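The values are calculated or read from the model by the stated rules, or taken from the named source; none is laboratory data. The structure displayed is predicted, hence computed values, not measured ones. Don't worry about glycine lacking a Cβ; one is built from the backbone with ideal geometry, like all the others, and counts go over all protein chains shown. Please note that ligands, DNA and RNA were not included when accessible areas were found on the heavy atoms of the full protein model with its side chains. Shrake-Rupley method; radii C 1.70, N 1.55, O 1.52, S 1.80 Å.
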Amino acid sequence: MAMANVDELKRLRAWVQNYDWGRCGTEAQVARLLALNSGADIKPDRPYAEFWMGTHDSAPSFLADGNGEGGNLGLKYWIWKNPNVLGHKVLEKWGPDLPFLFKVLSVAKALSIQAHPDKELAKELHKLKPNLYKDANHKPEMALAITEFRALCGFITLEELKGVLIDVPEIVELVGTASAKQVLDSNKQDGAEKVKYALRSVFTQLMSASKDMATKAISNLKSRLHVESQLRCLTEKEQLVLHLEKQYPGDISVISAFFFNYVKLNPGEALYLGANEPHAYLSGECIECMATSDNVVRAGLTPKHRDIQTLCSMLTYKQGYPDILKGIPLSPYVTRYHPPFEEFEVDRCTLPKRASTVFPAIPGPSILLVFLGKGTLRTRSREDVVKEGDVLFAPSNTEIIITTTSELQLYRAGVNSRFFHAAL
């Protein structure tokens, strides 16, 4: 195979995952993008959960170019044969593969209470249970809201947790008065490790409750909230817990929602998650980017395998509301989202009709998703008309000039620019 042209964009055929929490049929942006990208027929009663763009083996992208290379040629193989397209710094750090995975998510019902392991734990889990943990990489990630996007993320503060234990007697019934008292008697002056120990103890007790105990506690909670709703307005968290119980009846993680921050992202806001941080996406649609991994340790709100012991032992138990990224404007049309991870960043580009902007050449690869509209992408070697649903791979050191014929919305995923500055 000849070496690739240094600045030639490659059209990609993306893949979807039909997890049962996805939006069904044409309600899902994932389904719309799939139909536009590959011409697939959309089934109205089938969930379309995730649109994957990248090289991960669970749903790899393929070249779609009609120049003899497309069809069944995987992007991963093509990069392996043409490693120069990554740029030498990326190749030196991560080898001949993309270090990031780019997705669109369409969430109809809650994903599992989960966390992603750090590199050390990922290697151990992959070695012990390769059928469940299918790679040895960590999976920091970022969700950038397309619509209003809701999630549970990280533990609430110590004072908020004390309020929960006072206001939700069903939790004390499950964890026991001794564990509850540990938290109620804690204060910040005790030191971070003691507070962390008390939180870890009470959370592990909750998640380890027997099925019978969980069923009884949830039944009691529902009955109590039904009565109280006649006398007062239920809190947002109480309403959420009742909603989750309808989706996952009898699941202990329904009650665990009281322990987590309830986050609502507006379109254009982003949430990032490091290793060993608990979270669950609840509803909405988002752009997601992460290190190239599919490692997930789950503990509830899922029909999939649960590994409660691993999850409870791996968490950081950091408390407090997560950072929300608003993005950094690079130009009137482009906003950049910088998570604190080397592997990735995301640019959001919104161009009005008959406007133009430039993505400067950078020393690493990019994947571009045309989310809405139509326009022209021009590099030194060629010009391509692109429209919504198109996915393109851009080699390193490729300057891209975008001109629109209609309003255009485009997302770019690439290696975090701070990585290149640090490598200087």
What number goes with the only condition from (1) within 28 Å of residue 414 (Cα to Cα); (2) surrounded by fewer than 21 Cβ atoms within 10 Å (Cβ to Cβ); (3) in contact with a strand residue (DSSP E or B) (Cβ under 6 Å, 6 or more places away or on another chain) that residue 360 does not pass? (3)
I'm trying to understand the selection: among the residues of the range 367-379, which are open to solvent by 10 Å² or more (accessible area, probe 1.4 Å) and small (Gly, Ala, Ser)? 373
Taking the condition without any contact (Cβ under 8 Å) to a residue 60 or more places away in the chain, farther than 30 Å from residue 413 by Cα, open to solvent by 10 Å² or more (accessible area, probe 1.4 Å) and touching a strand residue (DSSP E or B) at 6+ places or on another chain (Cβ under 9 Å), does residue 243 pass? yes
Residues in the range 13-24: is at least one in a loop (DSSP other than H, G, I, E, B), small (Gly, Ala, Ser), at negative phi and modelled with pLDDT of 95 or more? yes
Filtered residues of the range 221-241 (kept if over 23 Å from residue 112 (Cα atoms) and not in a loop (DSSP other than H, G, I, E, B)): 223, 224, 225, 226, 227, 228, 229
Can you pull out the residues in the range 242-299 that are among the charged types (D, E, K, R), assigned to a strand (DSSP E or B) and closer than 22 Å to residue 202 by Cα? 298
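Which of the residues that make up the range 210-224 are surrounded by fewer than 19 Cβ atoms within 10 Å (Cβ to Cβ) and not polar (S, T, N, Q)?
Within the range 210-224, 211, 212, 213, 216, 222, 224 meet the criteria.
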Among the candidates 383, 345, 399, single out the residue that is at pLDDT 95 or above, of a type outside the set (S, T, N, Q) and surrounded by fewer than 18 Cβ atoms within 10 Å (Cβ to Cβ). 399
What's the total number of residues in the range 62-121 that are under 29 Å from residue 252 (Cα atoms), modelled with pLDDT of 95 or more and either in a helix (DSSP H, G or I) or open to solvent by 30 Å² or more (accessible area, probe 1.4 Å) (or both)? 2
For the range 144-154, check the following and say yes or no: at least one residue is basic (Lys, Arg), more than 10 Å from residue 259 (Cα to Cα) and crowded, with 21+ Cβ neighbours inside 10 Å. no
Among the residues of the range 4-12, are any at pLDDT 95 or above, under 20 Å from the mean Cα position of the chain (by Cα) and closer than 14 Å to residue 392 by Cα? no
Pull out all pairs, ordered by first then second residue, where Cβ-Cβ is under 7 Å, the residues are six or more apart or on different chains, the first lies in the range 25-49 and is exposed (fewer than 14 other Cβ atoms within 10 Å of the Cβ) and modelled with pLDDT of 95 or more, and the second is outside any loop (DSSP other than H, G, I, E, B) and basic (Lys, Arg). none
Quick test of your reading of the structure: residue 252 fulfils all but one of (1) modelled with pLDDT of 95 or more; (2) on the phi < 0 side of the Ramachandran plot. Name the failing condition by number. (1)
Among residues belonging to the range 314-338 that are polar (S, T, N, Q) and within 30 Å of residue 299 (Cβ to Cβ), point out the one that is least open to solvent (accessible area, probe 1.4 Å). 316
